Amino acid sequence: MKKKIIACATMLVMNAAWAVQMGTPDEAKALSEKAQATVNEMGQEKAFALFAAEDSGFRNKDLYVFCMDMQGTMLSHPVKPELVGQNLLGFNKYGDELFKNMIGVAGDNGSGWVDYSWPYPGTEDIKQKTSYVMKNDAGFFCGVGAYK
């Protein structure tokens, strides 16, 4: 019984520490706005290098910038670089056509929120997440997501 209590207490502490490292939707929106300005000012190649760098300010807590063209091809993804070059337009693993919805928001409004389901880091639990996406002068969009 004592081991179970210690194990539960340890898990609570670990979960609390992880939660502190999670970004908020407001932080995600601010980072997305910063990414749009960076692409507009520096161009795609330099911006993508910054988005990938650990110490550039574009990777904060669990937040990171991903970029996709308006046809659904991933252009930049610092956490899963193997996705770069893949067309994800039809992706619907968790019950949402999130990338199709992101393209719609970026194309129709230039920017906005897209809600979807996504695995929570370190678990197999599917949680609600929202990404703020913004189209830039180069014609593609970048987004940053946060759990709700």
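The values are calculated or read from the model by the stated rules, or taken from the named source; none is laboratory data. Predicted, not measured: the structure shown is a model, and the values here were computed from it. FYI the Cβ positions are ideal-geometry reconstructions off the backbone, even for glycines, and counts take in every protein chain you see.
Structure above, values below:
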{"quantity": "Flag for Thr10 being at pLDDT below 95, of a type in the set (Ser, Thr, Tyr) and in a helix (DSSP H, G or I)", "calculated": "yes"}
{"quantity": "Selected residue (criterion: nearest to Gly107 (Cα to Cα)) from residues of the stretch 69-85 that are free of Cβ contacts under 8 Å to residues at least 40 places away in the same chain and surrounded by 14 or more Cβ atoms within 10 Å (Cβ to Cβ)", "calculated": "Gly72"}
{"quantity": "Residue count for the stretch 102-145, restricted to those that are without any contact (Cβ under 8 Å) to a residue 24 or more places away in the chain and among the small types (Gly, Ala, Ser)", "calculated": "3"}
